[in-house]
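The values are calculated or read from the model by the stated rules, or taken from the named source; none is laboratory data. What you see is a predicted model, and the numbers here were worked out from it, not measured in a lab. We place every Cβ from the backbone using ideal geometry, glycine too, and count neighbours over all the protein chains shown. For accessibility, only protein heavy atoms count, side chains too; no ligands or nucleic acids. Shrake-Rupley method; radii C 1.70, N 1.55, O 1.52, S 1.80 Å.
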Amino acid sequence: MLPRLLLPALVAALLPGTTLAAPVSLKSLGDTCLETTLKNCTVAAAGYVAPRDTNRLAYQIQSGVDEYEGMAGGVVVFAETDGAWELLASDFNGVWYQLPRLSEAEPILFHLPGVTAGTGSFNADVLFEFSADDKEWRRVDMDSWWEGVEAKLPKGLEIWKGVTYDFGENYWGEYVARTSLWQETDANCCPTGGSAVIHFTVEDGALKAGDVEYEEPKEEAE
């Protein structure tokens, strides 16, 4: 089922990267969609984040309509540099996004969970890493790891949907994602292959998949 596995990576190829633009005003951050591509856009959530020893961030979670996809969501993130706010990144590939999560382990990470439309609920997450050397936020590639992860799974088992990332704790320098596993004969709704915990590190601006812990499916009670 390689096409299903590679879909998030193909979607990622269309994502805008991290770009700093001209200074912008955030006076209407809480009630007016900024830097958006959505029609009929409303601000679902907005706020400021001030992690220790970093540049401040501001974010908007947006809800609206995409010209081609229908109902859509978006995230827009701004970074403060020398007292001025600049666009750091924007992303409109998800149907909805959750409130951001901050991990202040090393490296410091800013994570906005999101999912795409459709039964696959693929990841539309957005992740940033603060570079202590360059004193700036950078977007982290969350998709290239998919290409090699299938070889780490037990034979005959696959990942058909998005995973659930956990950057809330640093497991000895690693982070994790959890996922159910599917067998070839499974229905899309109902995985029977157990589950897996995938361990990650952040290296060279990208998530790198390491060890995979496999948990066998639980036996149903008679």
### Query
Assuming G83 fulfils every condition listed in (1) at negative phi; (2) modelled with pLDDT under 95; (3) loosely packed, with under 15 Cβ neighbours inside 10 Å apart from one, which condition is it?
(1)
### Query
Quick one: would you say E80 is of a type outside the set (G, A, S) and over 21 Å from D141 (Cβ atoms)?
yes
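Yes/no per residue for (1) open to solvent by 40 Å² or more (accessible area, probe 1.4 Å); (2) in contact with a Phe, Trp or Tyr (Cβ under 6 Å, 6 or more places away or on another chain):
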position	(1), (2)
R139	yes, yes
V149	no, no
L153	no, no
G156	yes, no
I159	no, no
T164	yes, no
G168	yes, no
## Note on the structure
Those residues of segment 156-185 that are closer than 25 Å to G94 by Cβ and either free of Cβ contacts under 8 Å to residues at least 40 places away in the same chain or touching a strand residue (DSSP E or B) at 6+ places or on another chain (Cβ under 7 Å) (or both) come to a total of 18
### Query
Out of (1) at pLDDT below 90; (2) in contact with a strand residue (DSSP E or B) (Cβ under 8 Å, 6 or more places away or on another chain), what's the single condition that is false for A58?
(1)
### Message
If I filter segment 91-112 down to residues being within 16 Å of G47 (Cβ to Cβ) and assigned to a strand (DSSP E or B), which single residue comes out as most open to solvent (accessible area, probe 1.4 Å)?
### Response
R101
